[in-house]
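Take a look at the structure set out below.
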Amino acid sequence: MENILEVKNLYKTFQLNLKKTEVLKWVNLKLKKWEVFWFLGPNGAGKTTTMKVILDFIKATKWEVLIFWEKLTENRSLLKKIGYAPEQAYYYEHLTWNEFLYLMWKLSWLEKKELKEKVPLFLEKVWLSFAKDKYIKDYSKWMKQRLWLASAIMHNPELVFFDEPMTWLDPLGRNLVKNIILELKNNWTTIFFNTHILSDVQDIADTFAIIDKWEIIYNWKIKDVKNSLEEFFVEKIKENNKNIEIK
């Protein structure tokens, strides 16, 4: 099956107190069409930074990224095929949820005639039809999280990036996210996502990679993990931090 995403030799440094600090070390990733890929790692390991480089939000020191076999930096029209839900984002808090989704729809190059039909469907999909006329400034964290889930998929993208989509969500909310991911997969969408909720997603991902200290330490298929993924993850992190006690 063809690779829909290829990340080659991704390397990034920051200048901090006149010293060059590595934040990504030669990251290589491949994502096949229609699979669910799970990017896993401790806080500060480089997951979000990797995603932002892939989407050209920040520039790396050295890198090559191919999305749909092209470079996003050379063909911006590829953005029409991509959805993105950040962990933390800016909201136009003077808008209602309903108005915000209309805005996102228009920014996605979609036909105006579809607005009235599609927006209510996506509000219903994330269980927030009741809040469509409330201002975003009055929403809780979990409601805002669902807002970005809806806006990321409303234009039927072929490739979706979810950055910590289960943050702030209770078990019902996490189950909602799982169902959305499975529905996307069944509709031939490829998913790249980060999350720390291991037990909730082991049964929906096809492949995964573990990043620690800004480099990939494991990259394989979920089905090849015979025991608990949590135990497997802790074991790999311990192996990569032999001089650090991890309880």
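The values are calculated or read from the model by the stated rules, or taken from the named source; none is laboratory data. Just so you know, these numbers come straight off a predicted model, no measurement behind them. FYI the Cβ positions are ideal-geometry reconstructions off the backbone, even for glycines, and counts take in every protein chain you see.
Data for the structure
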quantity	calculated
Residue that is farthest from residue 191 (Cα to Cα) [pool: residues in segment 69-96 that are modelled with pLDDT of 80 or more and hydrophobic (A, V, I, L, M, F, W, C)]	95
Matching residues, segment 158-205, being aliphatic (A, V, I, L, M), more than 20 Å from residue 6 (Cβ to Cβ) and out of contact with any Leu (no Cβ under 8 Å at 6 or more places or on another chain)	166, 172, 181, 182, 184, 197, 201
Positions within segment 109-127 being of a type in the set (Phe, Trp, Tyr), surrounded by 12 or more Cβ atoms within 10 Å (Cβ to Cβ) and not in a helix (DSSP H, G or I), in sequence order	127
Inter-residue pairs, beta-carbon under 7 Å, first in contact (Cβ under 8 Å) with a residue 24 or more places away in the chain and within 20 Å of residue 52 (Cβ to Cβ) and in segment 163-177, second of a type in the set (Gly, Ala, Ser) and not in a loop (DSSP other than H, G, I, E, B), 6+ apart	163/85; 165/85
Residue satisfying condition, being touching a Ser or Thr at 6+ places or on another chain (Cβ under 9 Å) and crowded, with 17+ Cβ neighbours inside 10 Å, within set 143, 166	166
Those helices (runs of 4 or more DSSP H) lying entirely in segment 128-227 with at least 3 residues farther than 27 Å from residue 44 by Cα	171-186
Qualifying residue in segment 101-108 (condition: of a type in the set (Ser, Thr, Tyr), assigned to a loop (DSSP other than H, G, I, E, B) and out of contact with any strand residue (DSSP E or B) (no Cβ under 7 Å at 6 or more places or on another chain))	yes
Scan of segment 61-103 for residues that are within 19 Å of residue 134 (Cα to Cα) and free of Cβ contacts under 8 Å to residues at least 40 places away in the same chain, ordered by number	90, 98, 99, 102, 103
Pick from segment 79-100, criterion more than 17 Å from the chain's Cα centre (by Cα) and in a helix (DSSP H, G or I), ranking: surrounded by the most Cβ atoms within 10 Å (Cβ to Cβ)	97
Residue in segment 111-133 that is in contact with a strand residue (DSSP E or B) (Cβ under 6 Å, 6 or more places away or on another chain) and without any contact (Cβ under 8 Å) to a residue 60 or more places away in the chain present	yes
